[in-house]
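Computed from the coordinates by the stated procedures, all read-outs in this text should not be read as laboratory data. Bear in mind the structure is a predicted one, so any value in this text is a computation, not a measurement. We place every Cβ from the backbone using ideal geometry, glycine too, and count neighbours over all the protein chains shown.
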Amino acid sequence: MLAAPEDAPPNIARVPWWGVALLAAIAAPLRTATAGSQSLWYDEVFTARVAEGSWGGLLGRVTDLETTPPAYYVLVKLLVDALGSSELVLRLLSIVSSALLVWLGIRVAELLAPRARGAAGWWAGALLAVNPFLVWFGQEARVYALLALATLGLVWATLRWLDDDSWRRAGVWTAWATLTVLAHYPGWVYVAAAGVVLLVGRGIGASRGFDVRRLAVAAGIVIVVAAAQLPLLLDQAAGARTDWIDDASLPRRLALVPQQFMTGLESPAQNAVAGALLLLLGALLVYGVRRLGRPARRVVLGFVVLPIVVLVIAALVGEDLIVTRNLIGLLPLLLIVAAIGAVGRWRLVAAALTVGFLALSFVITLDPDYRRPDWQGAVERAEAQQDDGPLALRAVPELQGELIRYYAETPAVDVTGDDATLPHETYLVGDVIGGGAEFVDADVAAPGMRCERGTAIGRVRIVTCVQGRPD
């Protein structure tokens, strides 16, 4: 077994099944309360387009519309075919993945801190259940909750393999590693980190004489799976759909990672709140790392430091994937280490952090100012206000035009906005998460159009423009 520090307090009992169920019961409502009523936004609409089409064209749609592997969309399509294509069903895989993350986090905490596994498991489950960033992506119809689950499963499988070098545990590791590389391309970096951890950690578990041949077989299988996705990756890269990432500087995006890990994509008084929560988390992390045994410490540092280093180097050479959601695989392990630090005298700090997370999760779930912009409601209102004649709906920003196409019920809706040939145009101006509570000014209308700011539907404002209206 991975060694625990000698001064760790004896707390051997594991979190019982009812404790896991209780923590999952806390996590589930935070993720499901409004998952069915919130409009799709941004890339979620592409998940819907991929999942609602035919099976035969699925790979083509993933190639044309997406920047991620197809495995996630296969799973979502299975759910859509069985249960329909409502917003809740589209988000169901993320909800389930995020709930399972709580259970898995408890078990990882028990492995990392075996002599304090009861308390560490409880704290880990609580922090994972209520963290705002995990709550947000636990109700998002995108791959990131699955990526977080797969990465933490890879940590769990690595710890167990180090503890008992057997073909059975090598097989379990291979399964989790395969899921990680199938989930999203940043998962490849996490799998590489796991391989390094296993090589460096050979012989540190209870069973000495780690057999590298098993790792070679397991790694070979995973490499074949990853290589099979390379043609798709190259086709998707040719579409330049991730060029927006470097619109913000690399230092700025790196600075956003700890902030958004604490508060989600946006929250009230975000800078101040994030700073306070980071102080609490930092104290718990320092103490948690100190409480880990040396082998467990190596595992944690390998899974946290190596992916960051590799992704930063990749960004510097032009393959930039650094946005907070692509680093979501780091967050569960950081929270688990903080949970280990919470055992004993630091439990009040952990309680304050948990309460802060919970309060923010309530805000981003229930407050319309911090939920997803209501594109569906705005499209429906704009259609209801339109007089007879052709309807021109324009999205600001333009990439949200696909949401208008998805939700519009009017048969002939002009969304392209190439030329102002229609006498009336309606702009739906959406507030971008992370940009504050102000609405974007509607100054993008074509020459000759005069516009009036109209009704705000949640975080989307309806702006009506008329050709040739006098000033």
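Relative to one another, the C-alpha centroids of segment 316-350 and segment 256-295 are positioned 7 Å apart. Classify segment 164-255 as rounded, prolate or oblate from the Cα gyration tensor: take a ≥ b ≥ c as the square roots of its eigenvalues, call it rounded if a/c is under 1.5, otherwise prolate when a/b beats b/c and oblate if not. Oblate.
Per-residue Karplus couplings for segment 142-155, computed as 6.51 cos²θ - 1.76 cosθ + 1.60 with θ equal to phi - 60°, are listed in order as 9, 7, 5, 5, 5, 5, 4, 5, 4, 5, 5, x, 5, 4 Hz, Gly and Pro entered as x.
Packing, as the average of other Cβ atoms within 10 Å across residues, places the peptides 146-154, 57-65 in the order 146-154, 57-65, highest first. Here the Karplus curve 6.51 cos²θ - 1.76 cosθ + 1.60, taken at θ = phi - 60°, turns the phi angles of segment 42-57 into couplings of 6, 5, 4, 5, 6, 4, 4, 4, 5, 6, 8, x, 6, 5, x, x Hz, with x standing for Gly and Pro.
What does the C-alpha gyration tensor say about the overall shape of segment 50-198? Classify as rounded when a/c is under 1.5, otherwise prolate if a/b is larger than b/c, or oblate. Oblate, because a/c is 1.5 or more while a/b does not exceed b/c. Which is the longest stretch in the chain that no exposed loop site breaks, taking sites as GluC sites (Glu not before Pro) with a DSSP loop state and at most 14 other Cβ atoms within 10 Å? Longest run free of exposed loop sites: 7-318. Note on ARG14 and GLU452: the extension gain reaches 151.5 nm, defined as 0.36 nm multiplied by sequence separation minus the Cα-Cα distance. Residues whose amide H comes within less than 5 Å of that of ALA392, counting only those at least five positions distant or on another chain, are ASP414, THR426 (H built at 1.01 Å from N in the peptide plane).
As a rough guide to protection, the peptides 93-105, 125-137 ranked by mean Cβ packing within 10 Å, highest first, stand as 125-137, 93-105. The HN-Hα couplings worked out from phi for segment 19-25 by the Karplus form 6.51 cos²θ - 1.76 cosθ + 1.60 (θ = phi - 60°) are x, 4, 5, 5, 5, 5, 5 Hz, whole numbers, x standing for Gly and Pro. The slack between ASP235 and SER54, meaning 0.36 nm per residue of separation minus the straight C-alpha distance, is 63.1 nm. Computed packing ranks the peptides 173-180, 291-298 as 173-180, 291-298, most packed first, by mean other Cβ atoms within 10 Å.
Above 28 Å lies some portion of the pair distances; for the chain, what is it as a whole percent of all C-alpha pairs? So the portion of pairs separated by more than 28 Å is 54 percent.
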